[in-house]
Amino acid sequence: MKLLLRALIKFIVGLALVGALVFLPSGSFGYINGWLFIGLLFVPMLILGVVLFAKAPDLLEKRLGVKEKENTQKGVIALSGLLFIGGFIVAGLDYRFGWSHVPTWVVSVASVILLAAYVLYAEVMRENVYLSRTIEVQENQKVVDTGLYGIVRHPMYAVTIWLFLAIPVVLGSWWSFLCFVPYVAVVVVRIQNEEKVLENGLEGYSDYKKRVKYRILPFVW
């Protein structure tokens, strides 16, 4: 029951916070793209949370944890938060003042990408029971090298890049998109630090790096 309560509180607080960041700057609840984004983000999130609570409560508890120990990762998380807050505010202001126009078909494509990224996100969680929101080597942890992990070493980060770059387009703002672009660099820093931690603490990870050469994008990086 404690886990359920924590999850519900976090969901409600997240919904209220994102709603405030989207609708207060826009100055209107008629911001259709804002409602579209909230639906695309929080409905799958609720479904995934229910599934995890029923099937994998331990994994849900790890995903709720946010107490990062690595100093580098603390900075990465703080910067990510600033980028997201700024991106949401700019999207709302863009709607209010009409700075940019994103065609409906582009918004539709971005919506499909966002949902597809969520499906892949769930698949990564299914494949890797050791996933948590903090950088750590867990007790009895083993290298996962099958499925998406056989294609790239960090499929979760690859998926989140697609997801977060789709967000400002769904919100209908090119200016907001520019605010989210630096997230790619933030992910690169996070991965580089995470791999140092895994190489030092996770048996077999160095061999895994030799077998799977690419981090987030095959044939590129």
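None of the figures in this text is laboratory data; all of them are computed from the coordinates on show. This is a predicted model, so every value here is computed, not measured. Using ideal geometry, Cβ is built from the backbone for each residue, glycine included, and neighbour counts are taken over all protein chains shown.
Pop a pseudo-label 7 angstrom from the Cα along the beta-carbon direction at both residue 17 and residue 151 and give the gap in nm to one decimal.
3.0
Specify the angular offset, from 0 to 90 degrees and rounded to the nearest 10, of the alpha carbon long axis of helix 104-127 from the longest principal axis of the alpha carbons in the chain.
Helix 104-127 sits at roughly 20 degrees to that axis.
Obtain the nm distance between the two label points defined at residue 79 and residue 100 by a simple spin-label model: each point lies 7 Å from its Cα along the Cα-to-C-beta direction.
2.1
Please get the size of the charge dipole for the chain, origin at its Cα centre, with Cβ charges of +1 on Lys and Arg and -1 on Asp and Glu, quoted in debye to the nearest 20. Present the calculation step by step, with values, prior to reporting the outcome.
Numbers: 21 positive and 15 negative charges, 27 e Å.
That gives a dipole near 140 debye.
Between residue 162 and residue 141, what is the label-point separation in nm under the 7 Å Cα-to-beta-carbon projection?
A separation of 2.5 nm, rounded to one decimal place.
Which residues make up the longest stretch of the chain clear of GluC sites (Glu not before Pro) that lie in a DSSP loop with no more than 13 other Cβ atoms within 10 Å, not counting the sites? Let's see the in-between values first.
Numbers: sites that count: 139, 203.
Result, exposed sites excluded: 1-138.
Can you give the angle from 0 to 90° between the axis of helix 2-26 and the longest principal axis of the chain, with both taken from C-alpha atoms, to the nearest 10?
40
In a Gaussian network model over the chain where Cα atoms closer than 10 Å are linked, find which of 32, 191, 89 has the largest mean-square fluctuation.
Between 32, 191, 89, it is 32 that shows the largest mean-square fluctuation.
Stretch residue 46-residue 24 to full length: gain in nm at 0.36 nm per residue minus the Cα-Cα span? The partial results should precede the final answer.
Numbers: separation 22, 0.36 × 22 = 7.92 nm, distance 2.36 nm.
The residue 46-residue 24 span can extend by a further 5.6 nm.
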